[in-house]
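Okay, so here's the structure we're looking at.
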Amino acid sequence: MTRPFRDQAKGGGPGAPDEKFRQVDIGKMHQRPAGAREVELEAYKRRMGWSFKWVSSFGSDFNYDLGVSFTPEQMADGSAPWNYARQKPFEGETVGISVFHQDPSGIFHTYPCYQRGVDMLNGAYHYLDLTPKGRDEAGQKPHAQAWVRRRDEYQD
């Protein structure tokens, strides 16, 4: 999963608290939070008490190649290749899921997913979606997941 890592002081981007549900290391599946150096990722990993493997795409074109990071020009003119269309994404980095397969003939990008398609990996949303008001995200500012906090940010 590619995930924005904008705020190094707090760690992670929008919706980051639920990342434990989403970030797993199964076989060749690795996480690639965008733009963070290894030292920043390790500090956040320790804070959250996570033991799964993290790798960084910092300093590479990986996130641009996958269509989850965008140049200022693409943002300005709406030419970003995002979510299967040329459009203006709402941020310079956004979430995405990619699955790869490697065999002797090469590495293949077998599955990409963007926007709300990544919700299937957030177990908490499945329970919220069963309730009468669901996620109740309407009107949340600055984005739909603004209500979510990291586990150490909730007050008793």
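Taking amide H atoms as placed 1.01 Å from N in the peptide plane, the amide H of F58 lies under 5 Å from those of G35, A36, each 5 or more residues away in sequence or on another chain. Under 5 Å between amide hydrogens, built in the peptide plane, is the criterion, and for A80 it picks out Q87 among residues at least 5 positions away or on other chains. Determine the sum of side-chain charges near H143: Lys and Arg each +1, Asp and Glu each -1, restricted to other residues whose C-beta is under 10 angstrom from that of H143. For residues surrounding H143, the net value is -1.
No value in this document is a laboratory result; all are computed from the given coordinates. All values derive from a computational prediction rather than experimental measurement. Quick reminder, even Gly has a Cβ in these numbers, built from the backbone with ideal geometry, and neighbours come from all protein chains shown.
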